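The values are calculated or read from the model by the stated rules, or taken from the named source; none is laboratory data. Values in this document were obtained by computation on a predicted structure and should not be read as measured data. All Cβ positions, glycine included, derive from the backbone under ideal geometry; neighbour counts span all protein chains shown. What goes into the accessible areas is simple: the full protein's heavy atoms, side chains included, and nothing from ligands, DNA or RNA. Shrake-Rupley method; radii C 1.70, N 1.55, O 1.52, S 1.80 Å.
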Amino acid sequence: MKFTCILSMLVLVGTCAKPKYTARIQNLKDSITLVDSSLVMTYANTITSDELKTHLYTFSSNDFEGRRVGSKGQKLASNFLKSYYINEGIKSPLGQDNYYQVIPTSFFSNKFKSSENVLAYIEGTEKPDEVIIISAHLDHLGISENGQINNGADDDGSGTVAIMEMAQAFKLAKKEGFGPKRSILFLHLTAEEIGKRGSEFYTKNPVFNLENTIVNLNIDMIGRVDDVHKNNKDYLYLIGSDRLSKELHFTSEKINNTFINIDIDYRFNIMGESNDYYSRSDHYNFALQNIPVIFYFNGEHEDYHRETDTPDKIDYPLLEKRTKLIFTTAWQIANQEHRLVNDDDNELLK
(Lines give C-alpha, C1' and ligand atoms only; values in the text may rest on other atoms or scores of the structure.)
Protein backbone atom coordinates (compact mmCIF):
# COMPACT_ATOMS: atom_id res chain seq x y z
CA MET A 1 0.00 0.00 0.00
CA LYS A 2 2.82 2.39 0.93
CA PHE A 3 4.64 1.61 -2.33
CA THR A 4 1.45 2.30 -4.31
CA CYS A 5 1.03 5.71 -2.65
CA ILE A 6 4.62 6.69 -3.36
CA LEU A 7 4.26 5.58 -6.97
CA SER A 8 1.06 7.58 -7.29
CA MET A 9 2.81 10.67 -5.94
CA LEU A 10 5.66 10.28 -8.42
CA VAL A 11 3.22 9.96 -11.28
CA LEU A 12 1.42 13.07 -10.05
CA VAL A 13 4.67 15.02 -9.85
CA GLY A 14 5.59 13.95 -13.38
CA THR A 15 2.16 14.91 -14.63
CA CYS A 16 2.42 18.34 -13.05
CA ALA A 17 5.95 18.91 -14.36
CA LYS A 18 5.09 18.23 -17.97
CA PRO A 19 2.66 21.13 -18.46
CA LYS A 20 5.12 23.48 -16.79
CA TYR A 21 7.82 22.58 -19.28
CA THR A 22 5.32 22.79 -22.13
CA ALA A 23 4.30 26.22 -20.90
CA ARG A 24 7.93 27.36 -20.80
CA ILE A 25 8.45 26.22 -24.37
CA GLN A 26 5.28 28.00 -25.45
CA ASN A 27 6.42 31.17 -23.69
CA LEU A 28 9.71 30.94 -25.59
CA LYS A 29 7.91 30.52 -28.89
CA ASP A 30 5.60 33.43 -28.11
CA SER A 31 8.57 35.66 -27.25
CA ILE A 32 10.04 35.42 -30.76
CA THR A 33 9.06 38.53 -32.68
CA LEU A 34 10.04 38.80 -36.33
CA VAL A 35 11.72 42.02 -37.40
CA ASP A 36 11.69 43.90 -40.68
CA SER A 37 9.08 41.61 -42.21
CA SER A 38 8.48 44.06 -45.05
CA LEU A 39 12.20 44.44 -45.78
CA VAL A 40 13.76 41.03 -45.44
CA MET A 41 12.22 39.49 -48.56
CA THR A 42 13.11 42.58 -50.60
CA TYR A 43 16.76 41.70 -50.12
CA ALA A 44 16.26 37.94 -50.06
CA ASN A 45 14.79 38.22 -53.54
CA THR A 46 18.06 39.64 -54.85
CA ILE A 47 19.42 36.10 -54.42
CA THR A 48 18.79 34.46 -57.79
CA SER A 49 19.31 31.05 -59.31
CA ASP A 50 20.97 32.64 -62.33
CA GLU A 51 23.69 34.29 -60.26
CA LEU A 52 24.17 31.18 -58.14
CA LYS A 53 24.59 29.16 -61.33
CA THR A 54 27.09 31.59 -62.82
CA HIS A 55 29.23 31.54 -59.68
CA LEU A 56 29.07 27.77 -59.29
CA TYR A 57 30.03 26.95 -62.87
CA THR A 58 33.19 28.96 -62.25
CA PHE A 59 33.91 27.76 -58.73
CA SER A 60 33.48 24.08 -59.57
CA SER A 61 35.16 24.25 -62.96
CA ASN A 62 38.15 22.16 -63.98
CA ASP A 63 40.28 25.30 -63.69
CA PHE A 64 40.28 24.88 -59.90
CA GLU A 65 41.37 21.23 -60.14
CA GLY A 66 39.12 19.99 -57.35
CA ARG A 67 40.34 22.53 -54.76
CA ARG A 68 42.43 20.09 -52.69
CA VAL A 69 43.89 21.64 -49.55
CA GLY A 70 47.07 23.58 -50.29
CA SER A 71 46.98 22.86 -54.04
CA LYS A 72 47.22 25.36 -56.87
CA GLY A 73 43.53 24.86 -57.59
CA GLN A 74 42.55 25.60 -54.02
CA LYS A 75 44.66 28.77 -54.13
CA LEU A 76 42.85 29.81 -57.31
CA ALA A 77 39.52 29.20 -55.59
CA SER A 78 40.56 31.36 -52.64
CA ASN A 79 41.64 34.12 -54.99
CA PHE A 80 38.31 33.87 -56.82
CA LEU A 81 36.49 34.53 -53.55
CA LYS A 82 38.82 37.36 -52.57
CA SER A 83 38.33 39.05 -55.94
CA TYR A 84 34.58 38.71 -55.64
CA TYR A 85 34.47 40.47 -52.29
CA ILE A 86 36.78 43.22 -53.43
CA ASN A 87 34.61 43.82 -56.51
CA GLU A 88 31.46 43.85 -54.35
CA GLY A 89 33.00 46.35 -51.94
CA ILE A 90 32.68 43.92 -49.03
CA LYS A 91 35.60 44.43 -46.67
CA SER A 92 37.85 41.98 -44.90
CA PRO A 93 37.94 42.00 -41.09
CA LEU A 94 41.71 41.62 -41.38
CA GLY A 95 42.14 45.02 -43.01
CA GLN A 96 42.87 46.37 -46.49
CA ASP A 97 43.06 43.63 -49.12
CA ASN A 98 44.04 40.85 -46.72
CA TYR A 99 41.16 38.38 -46.93
CA TYR A 100 43.21 35.33 -45.92
CA GLN A 101 43.61 33.75 -42.53
CA VAL A 102 46.71 31.73 -43.35
CA ILE A 103 47.05 28.24 -41.89
CA PRO A 104 50.68 27.04 -41.87
CA THR A 105 51.69 23.62 -43.06
CA SER A 106 52.79 22.80 -39.50
CA PHE A 107 49.14 22.88 -38.42
CA PHE A 108 48.56 20.00 -40.84
CA SER A 109 51.59 18.12 -39.41
CA ASN A 110 53.38 18.98 -42.65
CA LYS A 111 51.15 16.55 -44.58
CA PHE A 112 49.61 19.39 -46.62
CA LYS A 113 50.90 22.70 -47.87
CA SER A 114 49.80 25.87 -46.15
CA SER A 115 46.25 26.94 -46.86
CA GLU A 116 43.86 29.73 -45.93
CA ASN A 117 40.39 30.54 -44.74
CA VAL A 118 38.83 33.39 -46.71
CA LEU A 119 37.03 36.03 -44.64
CA ALA A 120 34.69 38.87 -45.60
CA TYR A 121 32.79 41.09 -43.21
CA ILE A 122 29.92 43.52 -42.84
CA GLU A 123 30.09 45.53 -39.65
CA GLY A 124 26.95 45.90 -37.58
CA THR A 125 25.34 49.31 -37.31
CA GLU A 126 24.33 49.12 -33.63
CA LYS A 127 26.01 46.11 -32.00
CA PRO A 128 29.16 45.56 -34.07
CA ASP A 129 30.87 43.50 -31.37
CA GLU A 130 28.25 40.76 -31.66
CA VAL A 131 29.06 38.52 -34.63
CA ILE A 132 27.08 36.06 -36.72
CA ILE A 133 29.20 33.62 -38.71
CA ILE A 134 27.88 32.14 -41.95
CA SER A 135 30.25 29.43 -43.12
CA ALA A 136 30.91 26.87 -45.83
CA HIS A 137 34.06 25.01 -46.83
CA LEU A 138 35.84 25.98 -50.02
CA ASP A 139 38.05 22.90 -50.39
CA HIS A 140 37.28 19.56 -51.99
CA LEU A 141 39.06 16.32 -52.94
CA GLY A 142 41.30 17.46 -55.79
CA ILE A 143 42.32 15.13 -58.62
CA SER A 144 41.78 11.38 -58.32
CA GLU A 145 44.52 8.86 -59.04
CA ASN A 146 42.92 8.19 -62.42
CA GLY A 147 43.34 11.86 -63.36
CA GLN A 148 39.66 12.76 -62.97
CA ILE A 149 38.86 16.09 -61.32
CA ASN A 150 36.53 16.11 -58.33
CA ASN A 151 34.63 19.32 -59.06
CA GLY A 152 32.67 19.32 -55.81
CA ALA A 153 29.76 21.31 -57.18
CA ASP A 154 27.44 20.32 -54.37
CA ASP A 155 30.22 19.57 -51.87
CA ASP A 156 30.65 22.37 -51.12
CA GLY A 157 30.43 24.64 -54.11
CA SER A 158 26.72 25.04 -53.37
CA GLY A 159 27.39 26.38 -49.88
CA THR A 160 30.18 28.62 -51.14
CA VAL A 161 28.09 30.40 -53.75
CA ALA A 162 25.17 30.66 -51.33
CA ILE A 163 27.40 32.70 -49.02
CA MET A 164 28.51 34.90 -51.91
CA GLU A 165 24.91 35.74 -52.78
CA MET A 166 23.94 36.37 -49.17
CA ALA A 167 26.91 38.68 -48.68
CA GLN A 168 25.87 40.65 -51.74
CA ALA A 169 22.30 40.95 -50.43
CA PHE A 170 23.43 42.15 -46.99
CA LYS A 171 25.82 44.62 -48.62
CA LEU A 172 23.03 46.04 -50.77
CA ALA A 173 20.80 46.39 -47.71
CA LYS A 174 23.54 48.30 -45.88
CA LYS A 175 24.16 50.55 -48.88
CA GLU A 176 20.46 51.44 -48.90
CA GLY A 177 20.42 52.24 -45.19
CA PHE A 178 19.30 48.89 -43.78
CA GLY A 179 22.56 47.37 -42.63
CA PRO A 180 22.46 44.56 -40.05
CA LYS A 181 22.54 45.70 -36.42
CA ARG A 182 25.04 42.97 -35.60
CA SER A 183 28.15 42.14 -37.60
CA ILE A 184 28.25 39.27 -40.09
CA LEU A 185 31.36 37.27 -40.92
CA PHE A 186 31.24 35.36 -44.19
CA LEU A 187 33.69 32.57 -43.51
CA HIS A 188 34.94 30.30 -46.30
CA LEU A 189 36.79 27.50 -44.57
CA THR A 190 39.57 25.37 -45.95
CA ALA A 191 40.55 21.81 -44.99
CA GLU A 192 37.09 20.52 -44.09
CA GLU A 193 37.69 17.42 -46.19
CA ILE A 194 40.73 16.46 -44.10
CA GLY A 195 39.01 16.68 -40.74
CA LYS A 196 37.43 20.13 -40.30
CA ARG A 197 40.88 21.64 -39.81
CA GLY A 198 40.04 25.10 -41.17
CA SER A 199 37.27 25.63 -38.64
CA GLU A 200 39.44 24.13 -35.93
CA PHE A 201 42.14 26.66 -36.75
CA TYR A 202 39.64 29.52 -36.71
CA THR A 203 38.21 28.57 -33.32
CA LYS A 204 41.74 28.33 -31.93
CA ASN A 205 42.70 31.65 -33.56
CA PRO A 206 39.45 33.60 -33.78
CA VAL A 207 39.38 36.94 -35.52
CA PHE A 208 36.50 37.93 -33.25
CA ASN A 209 36.20 36.89 -29.62
CA LEU A 210 34.27 33.62 -29.50
CA GLU A 211 32.29 34.92 -26.52
CA ASN A 212 30.84 37.52 -28.89
CA THR A 213 30.13 35.01 -31.66
CA ILE A 214 26.44 34.39 -31.15
CA VAL A 215 25.69 31.78 -33.84
CA ASN A 216 27.23 29.76 -36.65
CA LEU A 217 25.05 29.00 -39.67
CA ASN A 218 27.03 26.38 -41.57
CA ILE A 219 26.23 25.21 -45.10
CA ASP A 220 27.57 21.97 -46.53
CA MET A 221 25.76 20.64 -49.63
CA ILE A 222 22.45 22.36 -50.41
CA GLY A 223 22.21 22.01 -54.20
CA ARG A 224 20.94 18.47 -54.73
CA VAL A 225 18.20 16.02 -53.71
CA ASP A 226 18.85 12.72 -51.93
CA ASP A 227 17.08 9.42 -52.61
CA VAL A 228 14.69 9.85 -49.69
CA HIS A 229 13.18 13.00 -51.21
CA LYS A 230 13.07 12.17 -54.91
CA ASN A 231 9.30 12.59 -54.86
CA ASN A 232 9.38 15.70 -52.67
CA LYS A 233 12.44 17.79 -53.37
CA ASP A 234 11.16 20.85 -51.51
CA TYR A 235 13.07 20.02 -48.32
CA LEU A 236 16.23 20.67 -46.37
CA TYR A 237 17.84 18.85 -43.45
CA LEU A 238 18.58 20.98 -40.38
CA ILE A 239 20.96 19.57 -37.80
CA GLY A 240 21.91 20.98 -34.42
CA SER A 241 19.43 23.83 -34.25
CA ASP A 242 18.08 22.85 -30.81
CA ARG A 243 21.21 21.40 -29.24
CA LEU A 244 22.40 24.59 -27.53
CA SER A 245 19.66 27.16 -28.10
CA LYS A 246 15.99 26.31 -28.42
CA GLU A 247 15.46 29.96 -29.23
CA LEU A 248 17.55 29.43 -32.36
CA HIS A 249 15.49 26.37 -33.26
CA PHE A 250 12.12 28.07 -32.87
CA THR A 251 13.36 31.25 -34.56
CA SER A 252 14.43 29.15 -37.55
CA GLU A 253 11.04 27.45 -37.67
CA LYS A 254 9.13 30.73 -37.43
CA ILE A 255 11.23 32.27 -40.20
CA ASN A 256 10.61 29.29 -42.44
CA ASN A 257 6.88 29.17 -41.76
CA THR A 258 6.52 32.90 -42.39
CA PHE A 259 8.70 33.46 -45.44
CA ILE A 260 9.97 30.30 -47.14
CA ASN A 261 7.74 27.28 -46.40
CA ILE A 262 10.23 24.56 -47.22
CA ASP A 263 9.88 21.12 -45.60
CA ILE A 264 12.40 21.00 -42.75
CA ASP A 265 13.58 17.45 -42.09
CA TYR A 266 15.07 16.81 -38.64
CA ARG A 267 15.73 13.07 -38.93
CA PHE A 268 19.52 13.58 -38.76
CA ASN A 269 19.20 15.81 -35.69
CA ILE A 270 18.29 12.89 -33.44
CA MET A 271 20.78 12.21 -30.66
CA GLY A 272 22.75 9.06 -31.49
CA GLU A 273 21.87 9.22 -35.20
CA SER A 274 23.97 6.56 -36.93
CA ASN A 275 25.63 8.84 -39.54
CA ASP A 276 26.69 11.29 -36.82
CA TYR A 277 26.28 14.23 -39.20
CA TYR A 278 26.22 16.62 -36.26
CA SER A 279 29.96 16.13 -35.82
CA ARG A 280 30.93 15.85 -39.47
CA SER A 281 31.06 19.40 -40.76
CA ASP A 282 32.59 22.70 -39.69
CA HIS A 283 29.77 23.83 -37.41
CA TYR A 284 30.86 21.19 -34.90
CA ASN A 285 34.01 23.08 -33.93
CA PHE A 286 31.85 26.09 -33.07
CA ALA A 287 29.39 23.94 -31.12
CA LEU A 288 32.32 22.64 -29.06
CA GLN A 289 32.82 26.27 -28.00
CA ASN A 290 29.18 26.46 -26.82
CA ILE A 291 28.18 28.56 -29.84
CA PRO A 292 24.69 27.68 -31.18
CA VAL A 293 24.77 26.23 -34.68
CA ILE A 294 22.61 25.15 -37.56
CA PHE A 295 23.98 22.76 -40.16
CA TYR A 296 22.12 23.02 -43.49
CA PHE A 297 22.40 19.87 -45.59
CA ASN A 298 20.61 18.15 -48.48
CA GLY A 299 21.83 14.64 -47.64
CA GLU A 300 24.15 12.35 -49.51
CA HIS A 301 23.44 11.35 -53.10
CA GLU A 302 24.95 9.06 -55.74
CA ASP A 303 27.62 11.62 -56.69
CA TYR A 304 28.79 12.36 -53.15
CA HIS A 305 32.62 12.39 -53.10
CA ARG A 306 32.78 11.30 -56.74
CA GLU A 307 34.06 12.93 -59.91
CA THR A 308 30.44 13.11 -61.07
CA ASP A 309 29.51 15.88 -58.57
CA THR A 310 29.29 18.48 -61.34
CA PRO A 311 27.43 21.82 -61.67
CA ASP A 312 25.02 20.60 -64.34
CA LYS A 313 23.36 18.38 -61.71
CA ILE A 314 22.54 21.19 -59.29
CA ASP A 315 18.89 22.19 -58.88
CA TYR A 316 19.37 25.95 -59.04
CA PRO A 317 15.82 27.10 -58.17
CA LEU A 318 15.99 24.83 -55.12
CA LEU A 319 19.45 26.16 -54.23
CA GLU A 320 17.98 29.67 -54.43
CA LYS A 321 15.12 28.81 -52.08
CA ARG A 322 17.38 27.15 -49.54
CA THR A 323 19.77 30.11 -49.63
CA LYS A 324 16.88 32.47 -48.96
CA LEU A 325 15.96 30.44 -45.88
CA ILE A 326 19.46 30.87 -44.48
CA PHE A 327 19.55 34.55 -45.40
CA THR A 328 16.23 35.33 -43.70
CA THR A 329 17.33 33.43 -40.60
CA ALA A 330 20.59 35.38 -40.46
CA TRP A 331 18.68 38.63 -40.99
CA GLN A 332 16.44 37.92 -38.00
CA ILE A 333 19.31 37.02 -35.67
CA ALA A 334 21.31 40.05 -36.81
CA ASN A 335 18.47 42.52 -36.34
CA GLN A 336 16.32 41.37 -33.42
CA GLU A 337 16.48 43.47 -30.28
CA HIS A 338 18.11 40.94 -27.97
CA ARG A 339 21.09 38.70 -28.50
CA LEU A 340 20.27 35.07 -29.26
CA VAL A 341 20.24 33.20 -25.94
CA ASN A 342 21.71 29.80 -25.11
CA ASP A 343 19.43 27.49 -23.14
CA ASP A 344 21.63 27.67 -20.02
CA ASP A 345 21.06 31.42 -19.87
CA ASN A 346 17.47 31.58 -21.04
CA GLU A 347 15.21 32.73 -18.20
CA LEU A 348 12.13 31.58 -20.10
CA LEU A 349 13.30 27.97 -19.79
CA LYS A 350 14.01 28.07 -16.04
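Once you have a ≥ b ≥ c as the square roots of the Cα gyration tensor eigenvalues for region 34-107, tell me rounded if a/c is under 1.5, and otherwise prolate or oblate according to whether a/b is larger than b/c. The shape class here is oblate.
Remark: the chain carries a charge dipole of roughly 800 debye about the Cα centre, counting +1 on each Lys and Arg Cβ and -1 on each Asp and Glu Cβ. With an a/c value of 1.5 or above and a/b larger than b/c for the gyration tensor axes a ≥ b ≥ c computed over the alpha-carbon atoms, the chain is described as prolate.
The string of couplings for region 333-350 from the Karplus curve (6.51, -1.76, 1.60, θ = phi - 60°) is 5, 6, 10, 5, 5, 9, 5, 3, 10, 6, 4, 4, 10, 8, 4, 5, 9, 9 Hz, one whole number per residue in order, with x for Gly and Pro. The residue list Pro93, Met164, Val131 was ranked by how far each Cα lies along the charge dipole of the chain toward its positive end, using unit charges on Cβ atoms, and Val131 comes out on top.
Ordering of 99-107, 131-139, 322-330 by packing is 131-139, 322-330, 99-107, highest average first (other Cβ atoms within 10 Å, averaged per residue).
In this structure, the amide hydrogen of Glu130, modeled 1.01 Å from its nitrogen in the peptide plane, lies closer than 5 angstrom to those of Ser183, counting only residues at least 5 positions away or on a different chain. Summed over the residues of the chain and divided among them, the accessible surface reaches 43 Å² per residue at a probe radius of 1.4 Å.
Straight-line reach from Lys29: taking Cα to Cα under 18 Å and skipping same-chain neighbours fewer than 8 places apart, the aspartates and glutamates in range are Asp242, Glu247, Glu253, Glu337, Asp343, Asp344, Asp345, Glu347.
Among the trypsin sites (Lys or Arg not before Pro) found in region 81-113, those both in a DSSP coil and sparsely packed, with 10 or fewer other Cβ atoms within 10 Å of their Cβ, are Lys111.
Where only DSSP H runs of four or more residues are counted, the chain gives -11500 deg cm²/dmol as its mean residue ellipticity at 222 nm, each run worth -39500 (n - 2.57). Each of Glu337 and Lys313 was given a label point 7 Å from its Cα along the Cα-to-Cβ line. The distance between the two points is 4.9 nm. Nonpolar atom fraction for region 129-288, defined as the carbon and sulfur part of the 1.4 Å probe accessible area, stands at 44 percent. Between helix 159-175 and the chain there is an angle of about 80 degrees, using the helix long axis and the longest principal axis of the Cα atoms. To the nearest 10 degrees, how steeply does helix 49-59 sit against the main Cα axis of the chain, on a 0 to 90 scale? The helix 49-59 is inclined about 60 degrees to the chain.
In this Cβ point-charge picture (+1 for Lys and Arg, -1 for Asp and Glu), region 101-140 has a dipole of about 360 debye about its Cα centre.
Per-residue SASA remark: Met221, around 10 Å² accessible (1.4 Å probe; ligands, DNA and RNA not included). DSSP beta bridges fully contained in the chain are about 40 percent antiparallel. Each DSSP beta bridge with both residues in region 73-194 is either parallel or antiparallel, and the antiparallel ones are about 60%.
Mean sequence separation of contacting Cα pairs (under 8 Å, at least six apart), scaled by the length of the chain, corresponds to a relative contact order of 23 percent. Since only Gln148, Asn232, Asn218 are under comparison, the one whose Cα sits farthest along the positive direction of the charge dipole of the chain, derived from C-beta charges on Lys, Arg, Asp and Glu, is Asn218. Taking region 202-266 as the region of interest, the number of lysine pairs whose Cα atoms are within less than 30 Å, with members eight or more places apart or on different chains, is 5.
Under the classification rounded if a/c is under 1.5, otherwise prolate if a/b is larger than b/c and oblate if not, where does region 202-350 fall, given a ≥ b ≥ c as square roots of the Cα gyration tensor eigenvalues? Cα axes put region 202-350 in the prolate bin. Would you work out which of Leu52, Asn117, Asn27 lies farthest towards the positive end of the dipole of the chain, given +1 charges on the beta-carbon of Lys and Arg and -1 on that of Asp and Glu, about the Cα centre? Value computed over the given set: Asn27. Relative contact order of region 62-220: 30 percent, from C-alpha pairs under 8 Å at least 6 residues apart in sequence. As a length-normalised measure over Cα pairs under 8 Å and 6 or more apart, the relative contact order of region 260-350 settles at 21 percent. For the chain, the longest principal axis of the Cα atoms and the long axis of helix 246-255 meet at an angle of about 70 degrees.
The charge dipole of region 309-350, taken about its Cα centre with unit charges on the Cβ of Lys, Arg, Asp and Glu (plus for the first two, minus for the last two), comes to roughly 180 debye.
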